[in-house]
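Report on the structure given below.
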Protein chains: 2
Amino acid sequence: MDYYRESIKLHSANRGKIEVISKVPIKTKKDLSLAYTPGVAGPCREIHKNPEDVYKYTSKGNMVAVVTDGSAVLGLGNIGPVAGMPVMEGKCILFKEFGGIDAFPICLATQKIDEIVETVKHIAPSFGGINLEDISAPRCFEIEKRLIQSLDIPVFHDDQHGTAVVVLAGLINALKLTHRKFEKVKIVISGVGAAGVAVTKLLITYGVNSGNILLCDSKGVIHKGRENLNSVKEDLAHITNTACHWGTGYPNCRTGGLAEIMKGADVFIGVSKAGLVTESMIRSMARNPIVFAMANPEPEIMPDKAKKAGAAIVATGRSDFPNQINNVLGFPGIFRGVLDAGIKIIDDKIKITAAEAIASYIKKPAPEKIVPSALDKGVAMAVADAIKKLKN
Amino acid sequence: MDYYRESIKLHSANRGKIEVISKVPIKTKKDLSLAYTPGVAGPCREIHKNPEDVYKYTSKGNMVAVVTDGSAVLGLGNIGPVAGMPVMEGKCILFKEFGGIDAFPICLATQKIDEIVETVKHIAPSFGGINLEDISAPRCFEIEKRLIQSLDIPVFHDDQHGTAVVVLAGLINALKLTHRKFEKVKIVISGVGAAGVAVTKLLITYGVNSGNILLCDSKGVIHKGRENLNSVKEDLAHITNTACHWGTGYPNCRTGGLAEIMKGADVFIGVSKAGLVTESMIRSMARNPIVFAMANPEPEIMPDKAKKAGAAIVATGRSDFPNQINNVLGFPGIFRGVLDAGIKIIDDKIKITAAEAIASYIKKPAPEKIVPSALDKGVAMAVADAIKKLKN
């Protein structure tokens, strides 16, 4: 099936994917008098007296802005805000379908950090949460940080944390199945953009020895001696790649490219590009390696090849293979939980709670079943419930 | 009925009035693959190649932002963006109900002109049109002007032009019924904010002699000799209030308060405050005067009093009296028309076309029937059709 052509047809037949409808009737004079003037002055005055009542009388508390500047849309790159619209609308309908959350696409006509931050701050009164989407690294880190500091509603960059949560969920079950412990596992991460950085940080918080993580970008492994690193990579160069006794005889931190650093690794996590990993690279890993090849739409290595080369567990981002690591397992439940609980900051504790809820949703993990199906509507509620319990 | 209390109940039972839903199914893997990844890359690439295709593949073309800074909400004044939310949501559902247009409330956390303009410019890619709402005068004039200059989508300040269009519509039928001509009619306008200024300008464009219009704010009539006028009023002081032969013996322009200038007038248009007009002021007008007392929720004079004092035709903003001058007769059809026709600027020709379409929607005007019912869903389509014909 030609997904692209079919999708173009679907989008043009419907002129987009979202609509804004009324939750109340407007058929009679009375309807009009209550939903609009003069009655509407009632809730307005209540909110003016007590601003928190905006959560009681308006849609704000269930409304999330899906904000992009179009700088890193899917694997398509910097295609700009207008061309990013179909993705943002898609995200919005997933919010509704899986989390019961109203979401609205905000595609920004600027890619300047200051302007993005100011604009989102200015439109924030309409929203109960901000989901940043497809904003390129390292700009996304600063934008997210500044918005979290200045807004009193949750701000979440899904490409970072949503991915990190679902990867952690999959890894919890994969490590269990291959009898490994987070404290000792050796991990190679290919791709040091928004997703790679967030996965690294969450894994460290969860108990992975940071020295046991090797990060690889297009120029090779990140290490203390590399020059011209951006500040995020520079920070990571000091805590990753320091425990260099992977049985390969390297005296100090590792150098070289992906092929070199995969030798002896227990886990490969790919958030990079199609086809970067070969069968022989898989064979060079530790016994029964775990391979999360999540480049979209073409993974770093196809599952059949990875398995042939000895991978014990393989996951991808695709719906046509088992173990689909898909953010839809995370963001709807995370936002449902924090919106319902009135949580203002989505911290590591919430992310880990979400990951554990996704992992334990699978009653009996198996090599082809480490995460739930992306279409399973029960996952979001399980995640939301776990988060709401944190508040109690 | 206590509208305020009932409205508070309605708003809290529904937690607001709008929701964002999907126009396409997302039940199966195939649905997900077409509405989201990988298929969605198809329409993204098309739009990237040809940005105008955003109107073909996304909701932009039918989506209007209802933008406020909360500085002049209903008659409540500067209650801020959050307290203004219920009004903006109300406006959004009217857009949908009467115009089939998706609309979304954007309540801004700033009241600075520059910041408002920049913010709206930055979020514009998501929208097919901008409806400015409840922004105080004279700030609203500059904001609207700058946005019209910088955006390639229609920008419309409804408190100005929506009101002006519906007032003109009502006046067309009222003048016909009382055998008057626009060229000669003498008009007093009480209230020189967003609505008063726009009504004045549109009436002049339609053919009223500007010298025959007397504008009155809280300090009295506007005339060339008054000091400390803002720039908008200053401009109007030079073109209104110059034809001073209303039979009252004033040698030059008129001075004084509302009671003085209403003497001899054919038409009173109130967009000001409750109770400003007395029966004796109505009696001082020309024979069979026309009285549009549109202050909300309490008019400048109640219809029964105005009639008792001799008014031939009375209109208000209220749904519980005949002749409700309600913006809902204007904006849904105006936006429906310009969105469908791809019109980028809502100029005077479009406003006049809309007003004439509303007026002629009444086949047989009568003193108690100069405009259609606010609930009549046929009006918007009649307005839209008239506007679309302009394009041909």
Review point. From the list A:PRO105, A:PRO81, which residue is outside any strand (DSSP E or B), touching a strand residue (DSSP E or B) at 6+ places or on another chain (Cβ under 9 Å) and either closer than 27 Å to A:ASP320 by Cα or not hydroxyl-bearing (Ser, Thr, Tyr) (or both)?
Key: A:PRO81
Exercise for review: Could you list all residues from the stretch B:1-28 that are over 23 Å from A:PRO105 (Cα atoms), of a type outside the set (Asp, Glu) and at the interface with chain A (Cβ under 7 Å from one of its Cβ atoms)?
Suggested key: B:TYR3, B:TYR4, B:ARG5, B:SER7, B:ILE8, B:LEU10, B:HIS11, B:SER12
Practice item. Take the stretch A:352-374 and flag every residue that is more than 17 Å from the chain's Cα centre (by Cα) and under 15 Å from A:ASN326 (Cβ atoms). Key: A:TYR361, A:ILE362, A:LYS369, A:ILE370
Revision key, fill the gap. With criteria (1) within 7 Å of chain B (Cβ to nearest Cβ); (2) farther than 30 Å from B:VAL54 by Cα; (3) assigned to a helix (DSSP H, G or I); (4) free of Cβ contacts under 8 Å to residues at least 12 places away in the same chain, A:PRO43 comes up short on (4)
Check your understanding: In this structure, is A:SER272 away from chain B (no Cβ under 14 Å), in contact with a helix residue (DSSP H, G or I) (Cβ under 9 Å, 6 or more places away or on another chain) and part of a loop (DSSP other than H, G, I, E, B)?
Key -> yes
Practice item. Go through B:LYS49, B:LYS56 for me and flag whichever is within 10 Å of another protein chain (Cβ to nearest Cβ) and under 26 Å from A:MET63 (Cα atoms). Key: B:LYS56
Review point. Only one residue in B:ASN296, B:ASN288 is part of a loop (DSSP other than H, G, I, E, B), polar (S, T, N, Q) and within 14 Å of chain A (Cβ to nearest Cβ), so which one is that?
Key: B:ASN296
Exercise for review: Have a look at A:HIS161, A:HIS157 and point out the one that is touching an Asp or Glu at 6+ places or on another chain (Cβ under 7 Å), surrounded by 24 or more Cβ atoms within 10 Å (Cβ to Cβ), farther than 20 Å from A:ILE261 by Cβ and not aliphatic (A, V, I, L, M).
Suggested key: A:HIS157
Practice item. Those residues that are of a type in the set (A, V, I, L, M, F, W, C) and either assigned to a helix (DSSP H, G or I) or surrounded by fewer than 17 Cβ atoms within 10 Å (Cβ to Cβ) (or both), I need them from the stretch A:333-353; list them, please. Key: A:ILE334, A:PHE335, A:VAL338, A:LEU339, A:ALA341, A:ILE345, A:ILE350, A:ILE352
Review point. Hey, any hits in the stretch B:65-78 for a residue that's within 19 Å of B:LEU375 (Cα to Cα), within 8 Å of chain A (Cβ to nearest Cβ) and of a type outside the set (Ser, Thr, Tyr)?
Key: no
Practice item. Consider B:LEU94 carefully, then state whether it is more than 20 Å from the chain's Cα centre (by Cα), part of a helix (DSSP H, G or I) and either touching a residue at least 12 places away in the same chain (Cβ under 8 Å) or buried (at least 23 other Cβ atoms within 10 Å of the Cβ) (or both). Key: no
Revision key, fill the gap. Taking the stretch B:9-23 and keeping residues buried (at least 24 other Cβ atoms within 10 Å of the Cβ) and either modelled with pLDDT under 95 or hydrophobic (A, V, I, L, M, F, W, C) (or both) leaves B:ILE18, B:VAL20
Check your understanding: Got a sec? Which of A:LEU215, A:LEU147 is modelled with pLDDT of 95 or more, more than 29 Å from A:ALA366 (Cβ to Cβ) and surrounded by 23 or more Cβ atoms within 10 Å (Cβ to Cβ)?
Key -> A:LEU215
Revision key, fill the gap. Restricting the stretch A:148-203 to residues that are without any contact (Cβ under 8 Å) to a residue 24 or more places away in the chain and not charged (D, E, K, R), the one farthest from A:VAL328 (Cα to Cα) turns out to be A:HIS179
Point to revise | Test result for A:GLU115, of a type in the set (Asp, Glu), farther than 30 Å from B:PRO25 by Cα and within 10 Å of chain B (Cβ to nearest Cβ) | key: yes
**Study point:** Residue selected from the stretch A:64-90 under the condition out of contact with any Cys (no Cβ under 9 Å at 6 or more places or on another chain) and surrounded by fewer than 24 Cβ atoms within 10 Å (Cβ to Cβ), by the criterion modelled with the lowest pLDDT
**Key:** A:GLY75
Practice item. Would you check which residues across the stretch A:29-40 are surrounded by 21 or more Cβ atoms within 10 Å (Cβ to Cβ) and in a helix (DSSP H, G or I) and list them? Key: A:LEU32, A:LEU34, A:ALA35
Check your understanding: Is the stretch B:315-332 home to any residue that is buried (at least 17 other Cβ atoms within 10 Å of the Cβ), of a type in the set (A, V, I, L, M) and assigned to a loop (DSSP other than H, G, I, E, B)?
Key -> yes
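The values are calculated or read from the model by the stated rules, or taken from the named source; none is laboratory data. Small disclaimer: the values here were computed from a predicted structure and weren't measured. Cβ sites come from the backbone with ideal geometry, for glycine too, and all protein chains shown count toward neighbours.
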